[in-house]
Amino acid sequence: MKYRVIQWGTGNVGLHSLRHLIRHPQFELVGLHAYSARKQGLDAAAIAGFAGEATGVLATNDVDALLALKPDVVVYTANGELRPDEAVADMAKILRAGINVASTALIYMIYPPHADAGIREPLAQACREGNSTLFVNGMDPGFSGDVLPLAALQLSDQVEEIRVQEICDYSSYVDPDFTGMAFGFGRPESEVPIMALPGILAGGWGGMIRMLASALNVEIEALHEVYEREYADADFECQMMKVTRGTCSAVRFEVQGIVNGKPLIVLEHVNRLGDNQAAQWPKAPDGRKGVHRCIVTGNPGVQLECFVTGHDGDHNTGGVQATALRVINAIPAICAHAPGLISTLDLPYTPTTHIRH
């Protein structure tokens with residue numbers, strides 16, 4: 001079966017999503033939403049960077065015209081974290097039109113019971129009205145904190161702690177306006193970044209903790225947050241941004257799911273702008289600039305490590321591609337699922353079917 005798809009958003013993740021949708025034989029790109037006026041009217045292949053090709057699909061911001069195409073699914077990759085009200089309104093309109101949504105935005109919805117009711121309920125109501133399904137996921141938050149530990153837990157017993165790590169050199173990640181700003185990179189100690197505000201980390205990553213707790217049949221008593229920064233001792237420049245001496249060059253944070261008075265499920269990030277920054281913090285294995293890792297302390301203990309590499313050989317490109325593909329590869333399962341808000345716990349394994357011959 002071939003699935004008719006609209007790509008919604010052409011930014012950091014959306015660009016890679018668009019490229020995969022154009023190339024994948026299981027999907028037919030029938031529409032493309034673009035917010036940027038300079039992209040509207042351009043062929044999807046031109047936006048994707050496929051020189052000399054044409055899909056016949058022109059980018060537009062005419063929402064009603066896109067919904068009238070009645071696709072099987074919209075892949076929604078527009079930013080939702082900085083514009084939650086707009087993203088909820090977009091998705092609700094799509095879902096009410098009877099169209100399924102596979103989204104990398106609104107990460108709070110990775111495990112719907114975790115999300116604030118103000119976000120969750122309008123989307124749930126739209127699913128009921130449209131008889132449609134919404135699935136939100138990605139690489140991290142997403143795969144690293146649900147599929148990876150769920151796989152590891154199939155090999156363990158007598159679990160004492162589940163630790164999920166993203167350890168990644170972000171210096172080649174060109175996203176200063178969102179990731180750089182949110183993490184506080186390049187900013188002085190006197191400035192408090194978004195990620196350091198109370199409740200932000202738990203809101204973004206707590207859904208994976210509550211999902212794993214549900215799979216383990218335990219109750220999370222509290223979500224604790226830890227946020228640390230390290231500062232550059234000299235000026236330097238990387239692809240992400242220019243960093244001046246005394247400003248933030250590395251971030252480490254944890255979200256701890258407390259069970260029986262102690263951390264049972266811990267999500268840890270170590271993100272730096274260069275391998276020489278915050279050398280005392282955990283690093284990826286030698287020769288690697290990034291790893292997604294799950295460590296289950298139990299009897300037996302289990303450690304799984306995941307490395308992603310993009311088409312250009314870069315680990316950050318691989319992470320962005322993987323974020324898009326986590327929801328793209330789930331499209332057949334999403335379309336086959338009963339209507340409503342779903343999570344990884346509701347889906348079967350979702351491998352790609354695109355084999356290069």
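The values are calculated or read from the model by the stated rules, or taken from the named source; none is laboratory data. Quick caveat: nothing in here was measured; it's all calculated off a predicted structure. Ideal geometry is used to build each Cβ from the backbone, glycine not excepted, and the neighbour counts take in all protein chains shown.
Conditions (1) within 24 Å of the chain's Cα centre (by Cα); (2) of a type in the set (Gly, Ala, Ser); (3) within 21 Å of ALA330 (Cβ to Cβ); (4) at pLDDT 95 or above, marked per residue:
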residue: LEU32; (1), (2), (3), (4): yes, no, yes, yes
residue: ALA46; (1), (2), (3), (4): no, yes, no, yes
residue: GLY49; (1), (2), (3), (4): yes, yes, no, yes
residue: ALA54; (1), (2), (3), (4): no, yes, no, yes
residue: THR60; (1), (2), (3), (4): no, no, no, yes
residue: LEU67; (1), (2), (3), (4): no, no, no, yes
residue: LYS70; (1), (2), (3), (4): no, no, yes, yes
residue: VAL74; (1), (2), (3), (4): yes, no, yes, yes
residue: ASN79; (1), (2), (3), (4): yes, no, yes, no
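On the stretch given as the stretch 25-51, residues that are under 18 Å from THR353 (Cβ atoms) and in contact with a helix residue (DSSP H, G or I) (Cβ under 7 Å, 6 or more places away or on another chain) total 2. Summed over the stretch 286-305, the residues that are modelled with pLDDT of 95 or more and closer than 30 Å to ARG245 by Cβ give a count of 4.
Can you work out which of the residues in the stretch 309-341 that are assigned to a loop (DSSP other than H, G, I, E, B) and of a type in the set (Gly, Ala, Ser) is nearest to HIS16 (Cα to Cα)? In this case the residue turns out to be GLY310.
Close contacts from the stretch 322-337, counting a first residue that is among the charged types (D, E, K, R) and a second that is outside any helix (DSSP H, G or I), with Cβ to Cβ under 7 Å and a gap of 6+ residues or different chains, come to ARG326/ASN137; ARG326/GLY138; ARG326/MET139; ARG326/GLY142.
For the stretch 295-303, the condition of being in the same structural domain as VAL159 (by TED's automatic domain parsing) and surrounded by 21 or more Cβ atoms within 10 Å (Cβ to Cβ) holds for at least one residue. Selection of the stretch 224-243 for residues being surrounded by 14 or more Cβ atoms within 10 Å (Cβ to Cβ), over 25 Å from the mean Cα position of the chain (by Cα) and assigned to a loop (DSSP other than H, G, I, E, B) yields only ALA232. Scoring GLY180 on the criteria (1) in contact with a helix residue (DSSP H, G or I) (Cβ under 8 Å, 6 or more places away or on another chain); (2) part of a helix (DSSP H, G or I) leaves a single failure, condition (1).
Of the residues examined, ARG272 is not one that is of a type in the set (Lys, Arg), touching a helix residue (DSSP H, G or I) at 6+ places or on another chain (Cβ under 8 Å) and modelled with pLDDT of 95 or more.
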